[in-house]
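Written below as structure tokens is the structure these notes are about.
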């Protein structure tokens, strides 16, 4: 039984940026973050980090990160980003089947197993180890959500690549009204993302 674990991010964006550019930017940035399987059609993108199971190297399995991105266009263009991390339960299975027995063997070989059994009993010892694994997985899920929130925000604000490493607010502040207008009119090599910063700066001056 698959337990759904999903987090959705939504944002309204500038209509000037094409669907193609938005989805391509997500592909580039998600590749940087190790997602490797993409399926793009029209205004929708699916992405995942499919990887090999460590117990069967010939059979690929669904990774713990599966992303779906939709662009909805009504009066306002909206991007919906859904991260499905229900595959993290496969991590629990992996830890439960492999790591738990391994930990028990290590405790036994180091002589600590008898001490744990004596102090807590066999049931509570195993329960304690399982609880520790669950806590690790909860932390991992939380970090996964933060990671994708940053991907979502940075991609919509800056696009693909290293554009975010420039202080565009400061760059546009140092330009004249005429230069800003030329950027907005498309008379430059700046991308649509940067044009948004130029518009914002010009509006502030008005």
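The values are calculated or read from the model by the stated rules, or taken from the named source; none is laboratory data. None of the values given here were measured: they were computed from a predicted structure. Glycine gets a Cβ as well: all are built from the backbone with ideal geometry, and neighbour counts include every protein chain shown.
Looking only at residues of segment 8-20 that are exposed (fewer than 15 other Cβ atoms within 10 Å of the Cβ), touching a strand residue (DSSP E or B) at 6+ places or on another chain (Cβ under 6 Å) and at pLDDT 80 or above, we find that the one that is nearest to residue 74 (Cα to Cα) is 12. In segment 39-57, the residue that is farthest from the chain's Cα centre (by Cα) out of those that are at pLDDT below 75 and assigned to a loop (DSSP other than H, G, I, E, B) is 55. If the condition is being modelled with pLDDT of 70 or more and either surrounded by fewer than 15 Cβ atoms within 10 Å (Cβ to Cβ) or in contact with a helix residue (DSSP H, G or I) (Cβ under 6 Å, 6 or more places away or on another chain) (or both), then segment 87-102 contributes 88, 101, 102. Just for segment 21-38: of the residues that are part of a helix (DSSP H, G or I) and out of contact with any strand residue (DSSP E or B) (no Cβ under 9 Å at 6 or more places or on another chain), which one is farthest from residue 191 (Cα to Cα)? Residue satisfying both the conditions and the ranking: 32.
Could we say that residue 131 is surrounded by 14 or more Cβ atoms within 10 Å (Cβ to Cβ), assigned to a helix (DSSP H, G or I) and at pLDDT 75 or above here? When the stated conditions are applied, residue 131 does not pass them. Would you call residue 126 in contact with a helix residue (DSSP H, G or I) (Cβ under 9 Å, 6 or more places away or on another chain), under 30 Å from residue 85 (Cβ atoms) and at pLDDT 70 or above? Considered against the rule, which asks whether it is in contact with a helix residue (DSSP H, G or I) (Cβ under 9 Å, 6 or more places away or on another chain), under 30 Å from residue 85 (Cβ atoms) and at pLDDT 70 or above, residue 126 comes out as yes.
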